[in-house]
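For reference, the structure discussed in these notes is given below.
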Amino acid sequence: MNRRRFLKTTAAALGAGLVPAVTRAAGPIKIGVLLPFSKAFAVLGENTFAGFMLGAREAGPEIAGRAYTIIKEDDTADPSVGVSKLRKLIDRDEVDVIVGTIHSGVAAAIRNPIVEARKLWLNPIATNDLLAEQQCSRYHFRFSASGWQISAPMAPWAKAKFGDRAYITAFNFAYGQQTAAHFRKAFEAAGGKIVGESFPPFGTTNFAPYFPAIKDAKPAVIFANFAGPDAVAFVKQSADFELTASAKVVAPSNLVSEDVLPAQGEAAAGIYSNSYYTPSHDIPKNRWFVKACKEQAGKEPDHFICSGYDTAQALFGALRETKGDVSDRERLVRIIEAMKIDSPRGPLRFDPKNHNPIQDMHMRVVEMKPLRHVVVDVLKQVAHPDTGACKL
């Protein structure tokens, strides 16, 4: 065989061998979305997904000419269900990216399978401390806030504003316990005193048995952390019991988030919360976002929608930079690490030490007529503390 024919034949053979790879590469990018779409956290999951889809529509149906598909699974806010649904997304659906979740217990349960599969994990909401400290992973990025960010910074702020005696009441599971511990440590470090604690179980509808102990402790500050129907019940019943007559309630944003505020009504007036996002925050990106939520998603904006939207901004922004190539996960990680996102919340970037957000935190109070949150203070560029235990 002469040299010319050898080269021609070899090129043809190589070309034939490359066709399947090119075809595979041109297939759709698979995005697995794992959120609670039923039971107690359904509204939170739906809002987070609505924000993600708002960002997806903004990105368009293709990234650099490559289509993508979104595969939804309902984790029901149950860790065992979450693991089962995650296994389906990874093993059967062969997704390239995982977007999820909300419940801190589900986040802890799905952490190892995602990391072992080396999947890029974009976490819109879940705050479990494990993901920011001893079990952090370079494949994981959080878009909401760590448990420390939404509880510790408000402790010295509340002590300075309202007094040095605080009572803590929160969900009796990881999220509630962890945020309570962060608030306790920060409040005591500021010179305050914790005068009591209670941890009602998830799904509590009658808080009356817990209120006498709170009232008897005579706190100036009540740190309360509940969400969904529990938050509605706590806020309305605490107003009926006149707990707030002599104490100020301070809380993570979920206690009085936009999904529960209408049901709480006047009972929520005067409650202070700490959040990375506030619908009334008057910056250009948020003015656009509020309008887009109402006109395109048919929803009132909240921090769940904001985190979902920013998750999409990061994902599709990274994919644009790689021209739709998801094969090099390390490159995707480096791109997101370096991002400075123009978020409706304000400037958003990620801490290279633990992939938690670095962002402004809003101290807000609920006001009536109209019923809404009003920012009263901004804690600038709050970062989760480096404990030295996180190794990416």
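Note down the net charge around LYS236, summing +1 for each Lys or Arg and -1 for each Asp or Glu among other residues with Cβ under 14 Å from its Cβ.
Result for the neighbourhood of LYS236: -4.
May I ask for the angle, rounded to the nearest 10°, between helix 174-189 and the longest principal axis of the chain, with both axes built from Cα atoms and the value confined to 0 to 90°?
Computed tilt is about 60 degrees.
According to the square roots a ≥ b ≥ c of the eigenvalues of the Cα gyration tensor, what is the shape class of region 160-300, taking rounded for a/c under 1.5, prolate for a/b larger than b/c otherwise, and oblate for the remainder?
prolate
Considering only GLY32, GLY346, GLY298, give the residue with the highest GNM mean-square fluctuation for the chain, with springs between Cα atoms whenever their separation is below 10 Å.
Residue with maximal mean-square fluctuation among GLY32, GLY346, GLY298: GLY298.
Take the alpha carbon gyration tensor of region 301-358, find the square roots of its eigenvalues, order them as a ≥ b ≥ c, and report rounded if a/c is under 1.5; if not, report prolate when a/b exceeds b/c, else oblate.
The shape class here is oblate.
Determine the share of region 63-194's accessible area contributed by carbon and sulfur atoms, expressed in whole percent, with a 1.4 angstrom probe.
46 percent
Once the Cβ-Cβ distance between ALA67 and ASP377 is put in as r, and R0 is 41 Å, what FRET efficiency do you end up with, to the nearest 0.05?
So, using R0 = 41 Å, E works out to roughly 0.35.
Just give me a number: lysine pairs in region 254-370, eight or more positions apart or cross-chain, with C-alpha atoms less than 21 Å apart.
Lysine pair count for region 254-370: 9.
Given the options ASP310, ASP230, ASP216, state which has the largest fluctuation in a GNM of the chain using a 10 Å cut-off (strictly under) for Cα springs.
Comparing ASP310, ASP230, ASP216 in the GNM, the peak value goes to ASP216.
If you add up the charges near ALA268, with Lys and Arg at +1 and Asp and Glu at -1, over every other residue whose beta carbon is less than 12 angstrom from its beta carbon, what do you get?
Local net charge: 0.
Name the long-range amide H neighbours of ASP96: under 5 Å, sequence gap of 5 or more, or other chain; modelled H, no Pro or chain starts.
The list, which skips near neighbours in sequence, is LYS30, ILE31, GLY32.
Subtracting the Cα-Cα distance from 0.36 nm times the residue separation, let me have the gained length for THR322 to LYS285 in nm, one decimal.
Contour length minus Cα-Cα distance gives 10.8 nm.
Compute the signed sum of charges (Lys and Arg +1, Asp and Glu -1) over the other residues within less than 9 Å, Cβ to Cβ, of ASP302.
-2
With charges only on Cβ, +1 for K and R and -1 for D and E, what is the dipole size of the chain about its Cα centre, in debye, rounded to 20?
Charge dipole, the chain, about its Cα centre: 1480 debye, nearest 20.
Sort 164-171, 253-260, 239-246 for me by packing, meaning the mean count of neighbouring Cβ atoms within 10 Å per residue, highest on top.
Ranking the peptides 164-171, 253-260, 239-246 by packing returns 253-260, 164-171, 239-246.
Can you give me the distance in nm between label points at GLU242 and ASP91, each placed 7 Å from the Cα along the Cα-to-Cβ direction?
The modelled label-to-label distance comes out at 5.9 nm.
Working from Cα positions, state the angle (0 to 90°, nearest 10) between the long axis of helix 42-59 and the longest principal axis of the chain.
Here the helix axis deviates by roughly 40 degrees.
Rounded to the nearest 10 degrees, what's the angle between the helix 303-321 long axis and the longest principal axis of the chain, both from Cα atoms, 0 to 90?
So the helix axis and the longest Cα principal axis differ by about 20 degrees.
Where is the GNM fluctuation largest for the chain (alpha-carbon springs, 10 angstrom cutoff): PRO301, PRO357, PRO28?
Greatest mean-square fluctuation among the candidates belongs to PRO28.
With every protein chain kept in place and ligands, DNA and RNA left out, what is the accessible area per residue of the chain? Probe 1.4 Å, answer in Å².
Ligands and nucleic acids excluded, the result is 42 Å² per residue.
Suppose each label sits 7 Å from its Cα in the direction of the beta carbon; what would the ALA213-LYS161 distance come out to in nanometres?
So the label points at ALA213 and LYS161 sit 2.7 nm apart.
Sticking with the crude label model, points 7 Å out along Cα→Cβ, report the distance from SER38 to LEU130 in nm, one decimal please.
Label at SER38, label at LEU130, 2.5 nm between them.
The values are calculated or read from the model by the stated rules, or taken from the named source; none is laboratory data. This structure is a prediction, so every number in the text was calculated from the model and none was measured. Here Cβ is always computed from backbone atoms with ideal geometry, including for glycine, and neighbour counts include all displayed protein chains. The accessibility values were calculated without ligands, DNA or RNA, using every heavy atom of the protein model including side chains. Shrake-Rupley method; radii C 1.70, N 1.55, O 1.52, S 1.80 Å.
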